[in-house]
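Here the structure comes first, spelled out in structure tokens, and everything after it is commentary.
The values are calculated or read from the model by the stated rules, or taken from the named source; none is laboratory data. Model, not experiment: these values are computed from the prediction. For neighbour counting, all protein chains shown are included, and Cβ atoms are generated from backbone atoms with ideal geometry for every residue, glycine included. Ligands, DNA and RNA are excluded from the accessible area calculation, which covers all protein heavy atoms including side chains. Shrake-Rupley method; radii C 1.70, N 1.55, O 1.52, S 1.80 Å.
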Amino acid sequence: MKRLGFPLWPRRPSSAQTAKDRLQILLAHERSGATPDYLPQLQREILEVIRRHVKIDDDAIDIRMDQGKELSSLEINIELPHTRP
Amino acid sequence: MTSQLKKEKSVSKVIVITSGKGGVGKTTSSAAIGAGLAKRGHKTVVIDFDVGLRNLDMIMGCERRVVYDFINVIQGEAKLKQALIRDKRVDTLYVLPTSQTRDKDALTQEGVEAVLNELREEFDYIICDSPAGIERGAQLAMYFADEAVVVTNPEVSSVRDSDRVLGLLNSKTKRAAEEGAEPIKAQVLLTRYDRARIEKGEMMTVDDVLEILAVPLLGIVPESPAVLKASNVGVPVVLDEPSAASQAYEDAVARLIGEEVEMRVDGERKPGLLRRLFGRSA
């Protein structure tokens, strides 16, 4: 039994629960070895592929990540130089 | 004339938050001081030097957004701007997370210096969150510092370790090695201060600690439930609801940038009449 009685006011999620949730999400990623250690290589390879077609700089790539419970996303933005055909 | 887009070449300061002992509140203080400076409009970055035991990201609440880290930048695998994480609450606040998978040997003095120099171009304050201990990570966190905040609990092992760290700040840093350089300005931040226990004589007083360490006091942060709560939710204490601890950090930040703020113990409470009549402390 977690709590006796009923709350007198609508409960917001407690900060301890938030802590637990955050840790569970983070540790699930870390334990699965899914920590983004492959990203530098991924970045190099993406750049390589794009360079076959367009000339771009090394830092024209921007990778963002958001790790969630059900869904993680990887957002890759590549800045293309404005060239005239 | 070329227009200066970057910040005007003013004094950018590297401040190390260190302690020797673990668990005294270095990361909490780094996050709070960094956020406090940023809140005042100073462009601030907080760097995690604890390679392999990344935690600053959790305390600052950006753990899900880490892509590249400090080590990637040092090793040339990512650009600095790719690794910097901008805080979602205060837009002058940035975090440079460390690597969770590598070890301290990945830090090199040249690498750290290069990153700090690049950060100096853009930031007003660079806060280095040191790992515990006095080995490589801790030494590199302090090496290039202009100022140091030594986080200390009023407890024997913490005070002893702080004394050791103060010795290192005066001998094993760039400012110590350079002829004619001004020594690092070190100040003590007393954390987990428990007034009730001090009044009972169970805990050393502020004066006791300062007498032993003989450096200026930056602030007194009371033991406060707000600190754990803030870390639970990943919000630096000063960005969370006001508390005695957040107040203490705000004051410390004001002193850090040179303002004169009266030292108050335990938040806003002035000693009450009863306390003044019967209390032990002055």
Checklist entry - Counting just the residues of the range A:40-50 that are charged (D, E, K, R) and more than 10 Å from chain B (Cβ to nearest Cβ), which one comes out least open to solvent (accessible area, probe 1.4 Å)? => result A:GLU45
Checklist entry - So B:SER231 fits all but one of (1) within 14 Å of chain A (Cβ to nearest Cβ); (2) among the hydroxyl-bearing types (Ser, Thr, Tyr); (3) touching an Asp or Glu at 6+ places or on another chain (Cβ under 8 Å); what number is the exception? => result (3)
Next on the checklist: Consider the range B:216-243. How many of its residues are within 25 Å of B:ILE257 (Cα to Cα), open to solvent by less than 30 Å² (accessible area, probe 1.4 Å) and in a helix (DSSP H, G or I)?
Outcome noted: 4
Checklist entry - Looking at the range B:171-180, which of the residues that are closer than 18 Å to B:GLN109 by Cα and of a type outside the set (Asp, Glu) is least open to solvent (accessible area, probe 1.4 Å)? => result B:THR173
Next on the checklist: If I filter the range B:160-183 for residues that are in a helix (DSSP H, G or I) and acidic (Asp, Glu), do I get at least one hit?
Outcome noted: yes
Checklist outcome for this item: B:GLN100 fails exactly one of (1) within 14 Å of another protein chain (Cβ to nearest Cβ); (2) open to solvent by less than 50 Å² (accessible area, probe 1.4 Å), namely (2)
Checklist entry - Can you name the residue in the range B:183-215 that is free of Cβ contacts under 8 Å to residues at least 24 places away in the same chain and of a type in the set (Asp, Glu) and, of all such residues, is most open to solvent (accessible area, probe 1.4 Å)? => result B:GLU211
Next on the checklist: If a residue must be open to solvent by 40 Å² or more (accessible area, probe 1.4 Å), part of a loop (DSSP other than H, G, I, E, B), over 14 Å from B:LYS79 (Cβ atoms) and of a type outside the set (Lys, Arg), how many such residues does the range A:51-69 contain?
Outcome noted: 2
Next on the checklist: I'd like to check something: does the range B:39-53 contain any residue that is of a type outside the set (Ser, Thr, Tyr), in a helix (DSSP H, G or I) and more than 14 Å from chain A (Cβ to nearest Cβ)?
Outcome noted: yes
